[in-house]
Amino acid sequence: MRVLSGPLSNIHDLAANDATIALLINVITAVGQFQRDLQNELTAEGIAALARAHGVSRAGVRTALADLLPDQPGPIA
């Protein structure tokens with residue numbers, strides 16, 4: 001694997017057996033996973049808050065959103 005641009009562009013072989021490179025890759029992937037988990041958590045909290053505000057279940061909010069956004073793919077049954 002090779003990074004062509006950015007702060008890691010001077011590292012030519014990310015699969016090298018270098019401890020520093022392994023640490024950098026692990027930190028970068030951990031931050032990416034944290035960001036994804038945080039996004040999922042905030043989305044779930046937002047749906048719950050919207051459901052509480054309108055007095056419906058979370059499934060009711062998702063159904064209402066699906067009705068408002070007909071071009072978006074719906075839940076898989």
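The values are calculated or read from the model by the stated rules, or taken from the named source; none is laboratory data. Bear in mind the structure is a predicted one, so any value in this text is a computation, not a measurement. Glycine also receives a Cβ, built like all others from the backbone with ideal geometry; neighbour counts cover every protein chain displayed.
Some values worked out for this structure:
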quantity: Pairs, first farther than 14 Å from residue 64 by Cα in the stretch 40-52, second part of a helix (DSSP H, G or I) and at pLDDT below 85, C-beta under 6 Å, six or more apart; calculated: none
quantity: Set 37, 67: member being of a type outside the set (Val, Ile, Thr), in a helix (DSSP H, G or I), at pLDDT below 75 and surrounded by fewer than 11 Cβ atoms within 10 Å (Cβ to Cβ); calculated: 67
